[in-house]
Amino acid sequence: MSFVLHTLPCIRYARRRLSSIGRATPFALACYLTSLGAVGSALLGEQRVLTTAAEIRALTPEEAAQEIPIRLTGCFMTRELYSFAIIDETDGIFLFTDPPIPTPFQPGDLVEVEGFTNPGNYAPCATATSVRRIGKTDIPVPISTTIAELYSGQWDAEWVEITGVVRSLEFLPDPIPQHPYEGFDSSIPTDPHPYTLMKLADGYAEIAVELQEILDPDLYLDAKIRLRGLNFYLHNDKRQAVRPILHSTDGILPEIIRPPLSQKFDSPHKPVSSLFTFDHTGGHPGHRVHVKGVVTHHRAGQVLWIRDETHSLEIHTTQADDLQPGDVVDVLGYPEPGTYSPILQDAVFRKSSQHTLPAPIEISDIAMITRHDSDLVQIEATLVEYQRYPESVELTLNGLGTTVSASLLTGPDQAALSDWEPGSVVKVSGIAAVGRGETIPRNGLWSPESLHILLRSPLDLTVITPASWWTPKRVAYALAAVLLLAVIVIAAVILQSRRRLHEQQQQRAMAESEFSAILKERNRVAREIHDTLAQNIGAISVQLEMVRTDSHTFGETTQRHIQTAHKLARTALADARDSIWDMRSQVLEKYDLADALERISHQLTDDTDTQIKVDVAGKRRRLPPVVENNLLRIGQEAVTNACKHANAKRIQVQISYQNRRVELVVTDDGVGFEVEKISPETKKSFGLVGIRERVELLGGEVKIQSAPGKGTTVNVSVSD
């Protein structure tokens, strides 16, 4: 059933071709009946044999790879090395020969081919195992189409007829096999014979044509012709068409529809400015024109630029003759639209004379570029950046109030680029290309604002003002170095800080251990003093008191000595109790600093009319013992001084817990004093020296503010 589905399109195609020919030849009727017979055979379950070209072309590549048997009868059209093409009444088909067999046939020979299907590299085809001539037949009527339609990729191995203008003729000495197959033996000699490679154009669509005949350029070059040939495709490895190529058959010459125009090097030339301008007569579209001008730049075998009295022009040519700037040339070529201005394609030229070296046109405003497309121009700009590539150097410039691009094809003189630095003010000369990459309006006037300059050599860029040494790259490197140095310094500071913190923690741990040991020892000594010395002195004081009570029986001198001894005992007992008080801080064993200081303050002021207030700010926390004990003694000393020496009526104590810091402020409204006049030697130092020594021991800060009649403020700040 699959075979029937492939055969039915072949029948419809054969009927279409028969109707296009206009008459049913016996051979066409035979093919038509053969197709009907193939359908009948398939329906009856007979062996599958493909008998028409259309059946083969209808296969998928996977189906064609199954090597299905074929038996074709068709008109021999053309041959290549171990391959050929035939046309039957359904379609055209390309065939390889395996094993390589000779095909000494001529166009119009009726041949019978046996073989099997082949997937080919583009369209399904076939491999012929035998080919024999069985008679003569008429060459089929070609299918009329256009060059543009051939680019669709659907005309492989088709016998077609197209029209166009001959752009170029090239005579080659050896045939070029277009479809070598696997196992092709290039060592087998072939019969070389010259042939013509033609470029045919219809509007802007072009196609290469291989003709077996040598054509007269005077008759065909620039002529409009009608041409018949077999169409094949250059394709890629994904079975996609790249471009078509036409093969003519022996003995079939192109038909001249319109002879070439009489355009010669000695004919009148047209000004460049007249190309593609409106002509009410219609002109001669598609034919070549004659222009003349002074060469501004030339790449041998590729492109040249000329300037005449009106405009400049870009010309594409394969002619390899060397030209120098200043040469005057006549050019024959085919006008085509460029990016902004017309160009000439497939041109030939002839040097006629030598002119003075052309000078570049100074461009000072972006609006000037529209009049100098393809011209040799010069601008002053700032070099923003340039990039080196294997085949070119691409530059970005800031000039004419916009961004200008430029390029230079690489060569052996690239060493001259070493002094090109971004930021330099430069003068650039080269060929102008206008409008590249711009959005083109649909109609009306187009005023492009982009400019690209093609440098002819490194000498076309001259540095006027060298770039500052501080280029963006160097600034970036300097900033990177500074940043790296800053990171190193920060890392060093962090490491040093961690080391110091570690040392401080060790010192604090040692100090706390030492203080704890000292505190234990002091408490022990205090207990010993309390239990021994203080008790004994107290007992002595009691005994002296009893003696003093009965001293009326003693003499006056004895009574005075007893009274003095009793006073000394009481003083010694008070001193012992003070020492015990200084050495013991049992209150900190039960309470934190704020509560301990509040209790001691109230004990000191209970028997007086002094009002005391203790405030706490921040989050309360326990402090290291050495810090807590010293702050307690400092607060105690400040409150004692305010009560005993300053006669204060109100005392304000404030403890402020901060981040890793504690601040103790004691303020009173007492008589005050002059801070500058207090020295360690004076008896009125009121313990201030002790306060400073304790703060210094803690590594903190102390501020004492006072004045006569204005009270006193003691401000202590230490780290915890």
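Readers should treat all values here as calculations from the given coordinates under stated rules, not as data from a laboratory. Predicted model, so just to flag it, every value in this text is computed and none were measured. Cβ coordinates were reconstructed from backbone atoms using ideal geometry, including for glycine residues, and neighbour counts include every protein chain displayed.
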For the stretch 101-166, calculate the relative contact order in percent as a whole number, restricting contacts to Cα pairs under 8 Å that are 6 or more residues apart. 27
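Which whole-number percent is the relative contact order of the stretch 292-373 (Cα, under 8 Å, 6+ apart)? The partial results should precede the final answer.
Working: 174 pairs, mean separation 22.8, N = 82.
Once divided by the residue count of the stretch 292-373, the mean separation gives 28 percent.
Which translational diffusion coefficient, to the nearest whole µm²/s, is obtained for the stretch 64-148 from the Stokes-Einstein equation, given a Kirkwood hydrodynamic radius over C-alpha pairs, 20 °C and 1.002 mPa s?
Calculated translational D: 162 µm²/s.
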The alpha-carbon center of the stretch 362-383 and that of the stretch 321-351 are separated, in whole Å, by 21
Between I101 and S405, take the C-beta separation as r, use R0 = 56 Å, and let me know the FRET efficiency to the nearest 0.05. 0.40
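D for the stretch 445-505, whole µm²/s, Stokes-Einstein with Kirkwood Rh over alpha-carbon pairs at 20 °C and 1.002 mPa s: what number? Write down the numbers at each step before the final one.
On the way: Rh = 17.4 Å.
Reported coefficient: 123 µm²/s.
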Between V242 and L483, what's the calculated FRET efficiency when r is the beta-carbon distance and R0 is 45 Å? Round to 0.05. 0.25
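Distances over 17 Å make up what percent of all Cα-Cα pairs in the stretch 213-294? If you can, show how the numbers build up before the last one.
On the way: 2180 of 3321 pairs.
Of all Cα-Cα pairs in the stretch 213-294, 66 percent lie more than 17 Å apart.
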Can you tell me the convex hull volume per residue for the stretch 311-468, based on C-alpha atoms, in Å³ to the nearest whole number? 136
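When Rg is the radius of gyration of the Cα atoms in the stretch 125-175 and Rh is its Kirkwood radius, what does Rg/Rh come to?
1.06
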For the residue pair F171 and D615, what label-to-label distance in nm results when each label sits 7 Å from Cα along the Cα-to-beta-carbon direction? 11.7
What is the packing order of peptides 466-478, 135-147, 85-97, taking the mean over residues of other C-beta atoms within 10 Å and listing the highest first? 85-97, 135-147, 466-478
Please state the relative contact order of the stretch 191-295 as a whole percent: Cα pairs under 8 Å, 6+ residues apart? 25
Of the convex hull enclosing the alpha-carbon atoms of the stretch 592-637, the direction-averaged projected area in nm² is 3.3
Going 7 Å from the Cα of H602 in the Cα-to-Cβ direction, what parts of the stretch 609-634 have a backbone nitrogen less than 13 Å from that spot? 612-615
For the stretch 205-261, count all C-alpha to C-alpha pairs, find those more than 14 Å apart, and express that count as a whole percent of the total. 61
Fully extended, how many nm does the chain gain between R226 and T713 (0.36 nm per residue separation, minus their Cα-Cα distance)? 163.5 nm
Provide the FRET efficiency to the nearest 0.05 for the I464-D266 pair, computing r from the beta carbons and using R0 = 60 Å. 0.85
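Using only alpha carbons, build the gyration tensor for the stretch 269-368 and give me the equivalent ellipsoid semi-axes, biggest first, whole Å.
The equivalent ellipsoid of the stretch 269-368 has semi-axes of 21, 18, 12 Å.
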What length, rounded to one decimal in nm, is gained on full extension from A367 through to E149, with 0.36 nm per residue of separation minus their alpha-carbon distance? 74.4 nm
Cβ under 12 Å from H297's Cβ, H297 left aside: what net charge do those residues give with Lys, Arg +1 and Asp, Glu -1? -1
Spin-label pair S392/D250, simplified geometry with 7 Å Cα→Cβ offset, distance in nm: 4.8
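Expected output is a single nm value to one decimal: the length gained when fully extending between T318 and R474, i.e. 0.36 nm times separation in residues minus the C-alpha distance. What is it? The partial results should precede the final answer.
On the way: separation 156, 0.36 × 156 = 56.16 nm, distance 4.61 nm.
Length gained, T318 through R474: 51.6 nm.
Starting with the highest mean, order 221-230, 295-304 by the number of other Cβ atoms within 10 Å, averaged over the residues of each peptide.
Numbers: 221-230: 20.9, 295-304: 18.3.
Most protected by this proxy first, the peptides run 221-230, 295-304.
If packing is taken as the average count of other Cβ atoms within 10 Å, what order do 237-244, 149-156, 711-718 fall into, highest mean first?
Details: 237-244: 12.9, 149-156: 17.5, 711-718: 20.6.
Per-residue Cβ counts within 10 Å, averaged per peptide and sorted highest first, yield 711-718, 149-156, 237-244.
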Between the modelled labels at I490 and E67 (7 Å from Cα along Cα→Cβ) the distance in nm is 7.5
Going residue by residue through the stretch 489-504, the Karplus relation 6.51 cos²θ - 1.76 cosθ + 1.60 with θ = phi - 60° gives ³J(HN,Hα) values, rounded to whole Hz and with x marking Gly or Pro, of 4, 4, 4, 5, 5, 5, 4, 5, 5, 5, 5, 5, 4, 4, 5, 4
